[in-house]
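*Asks:* Let me begin by handing over the structure; questions about it come next.
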Amino acid sequence: MRILAIITGEYGERHVRNLRKHGPSIWRIETWQAPKLLPPVIDYPEDYLPESLPQSDLILSFAEHKGVAELLPEIAQMTGAAAVLVAVDDETWLPRGLARQLRGWLARINVTCVTPKPLCSLTESDYGITRRDRISYDDPLIAEFARRFGKPEIVVQVDPDTRTISASEVQRDAVCGCARHVAENIIGLSVDEVEEKAGLLHHHYPCLASMVKLNDFNHDTLMHESGHLLVDYIADQIKPHKQIRYITPGKRSEK
């Protein structure tokens, strides 16, 4: 698969490093450094694009500027891409209204577009746009990417005698590599502490999703939402091994 990753800074650069290191060897990943300064409205996209871009199947936009979204239809046509994935780890990079417009613009030229918010909500068939709402899609290119990178899936094994994590395997990493980092560092932890420690490992990786509170995430942040997606997958697996403590209230003092 031929992939063009659009980046503007360290956020995208880290994602590309992880994809190149852990993605399939048959993926060919090229990058384009988009302009960091763009006007509020772009009337002529060609003024901000290079003369040529590499032919691609899938475009990954890791741009940290909403103006890049207005360039994506032109980029898709220049590269021949059939699918576009836009990371929304900060709502200012792609506000909700612009995300809807972008999906519509690209649909009109027969290009599938997904806008996962946060990026690690992506699966092979859908992605999140709020805490409760998900959008389904049907595209083999994005699904192939999402089989390996997207909503984290860490399969853990628990030693029944010690009730500790004896092994962990990343079946799907986050695009940034966070899931792999967490999986490597929870080995040996008790099932009673692993959820808290996994959450801390996620935050300290560090997760680069926004810390701005959003109404459509119950006034929580995208960084916290990203952490919940990772920790909840582990929590479901260790539930049978956790100890349930019952507290018996004592008699009330007469004094």
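*Asks:* Being over 30 Å from Val170 (Cα atoms), surrounded by fewer than 17 Cβ atoms within 10 Å (Cβ to Cβ) and in contact with a strand residue (DSSP E or B) (Cβ under 8 Å, 6 or more places away or on another chain) narrows it down to one residue among Pro54, Pro39; which is it?
*Replies:* On the way: Pro39 fails: in contact with a strand residue (DSSP E or B) (Cβ under 8 Å, 6 or more places away or on another chain).
Residue meeting the stated conditions: Pro54.
*Asks:* Residues of region 80-123 being among the basic types (Lys, Arg) and surrounded by fewer than 23 Cβ atoms within 10 Å (Cβ to Cβ), which ones?
*Replies:* Initially, region 80-123 is screened for residues among the basic types (Lys, Arg), giving 96, 100, 103, 108, 117.
Matches in region 80-123: Arg96, Arg100, Arg103, Arg108.
*Asks:* Do we find a residue being buried (at least 21 other Cβ atoms within 10 Å of the Cβ), among the aliphatic types (A, V, I, L, M) and in contact with a strand residue (DSSP E or B) (Cβ under 9 Å, 6 or more places away or on another chain) anywhere in region 125-141?
*Replies:* No, because not a single residue in region 125-141 is buried (at least 21 other Cβ atoms within 10 Å of the Cβ), among the aliphatic types (A, V, I, L, M) and in contact with a strand residue (DSSP E or B) (Cβ under 9 Å, 6 or more places away or on another chain).
*Asks:* Can you name the residue in region 145-195 that is in contact with a helix residue (DSSP H, G or I) (Cβ under 9 Å, 6 or more places away or on another chain), aliphatic (A, V, I, L, M) and assigned to a strand (DSSP E or B) and, of all such residues, is farthest from His241 (Cα to Cα)?
*Replies:* Selected residue: Val170.
*Asks:* With acidic (Asp, Glu) and in contact (Cβ under 8 Å) with a residue 40 or more places away in the chain as the only criterion, which of Glu91, Glu51, Glu70 stands out?
*Replies:* On the way: Glu51 fails: in contact (Cβ under 8 Å) with a residue 40 or more places away in the chain; Glu70 fails: in contact (Cβ under 8 Å) with a residue 40 or more places away in the chain.
Glu91 is the lone residue from the list that is acidic (Asp, Glu) and in contact (Cβ under 8 Å) with a residue 40 or more places away in the chain.
*Asks:* Next question. Could you pull out the residue among Arg20, Arg14 that is among the basic types (Lys, Arg) and crowded, with 17+ Cβ neighbours inside 10 Å? First the steps, then the outcome.
*Replies:* Numbers: Arg20 fails: crowded, with 17+ Cβ neighbours inside 10 Å.
Unique residue meeting the criteria: Arg14.
*Asks:* Please go through region 165-183 and give me each residue that is surrounded by fewer than 19 Cβ atoms within 10 Å (Cβ to Cβ) and either in the same structural domain as Tyr127 (by TED's automatic domain parsing) or over 14 Å from Leu230 (Cα atoms) (or both), ordered by number.
*Replies:* Residues satisfying the conditions are Ser166, Ala167.
*Asks:* Moving to a separate point now. Quick check on Leu208: is it closer than 17 Å to Val86 by Cα and outside the structural domain of Lys117 (by TED's automatic domain parsing)?
*Replies:* Numbers: closer than 17 Å to Val86 by Cα: yes; outside the structural domain of Lys117 (by TED's automatic domain parsing): yes.
Taking the combined requirement at face value, the residue satisfies it.
*Asks:* Still on this model: Which ones in region 73-88 are in contact (Cβ under 8 Å) with a residue 40 or more places away in the chain and more than 24 Å from Ile135 (Cα to Cα)?
*Replies:* Scanning region 73-88 gives a single hit, Thr79.
*Asks:* Next question, about the same structure. Under the condition of being in contact (Cβ under 8 Å) with a residue 40 or more places away in the chain, assigned to a helix (DSSP H, G or I) and out of contact with any helix residue (DSSP H, G or I) (no Cβ under 6 Å at 6 or more places or on another chain), which residue from region 196-222 is surrounded by the most Cβ atoms within 10 Å (Cβ to Cβ)?
*Replies:* Leu222
The values are calculated or read from the model by the stated rules, or taken from the named source; none is laboratory data. Keep in mind the model is a prediction, meaning the values are calculated, not measured. Note that we place each Cβ from the backbone using ideal geometry, even for glycine, and neighbour counts take in every protein chain shown.
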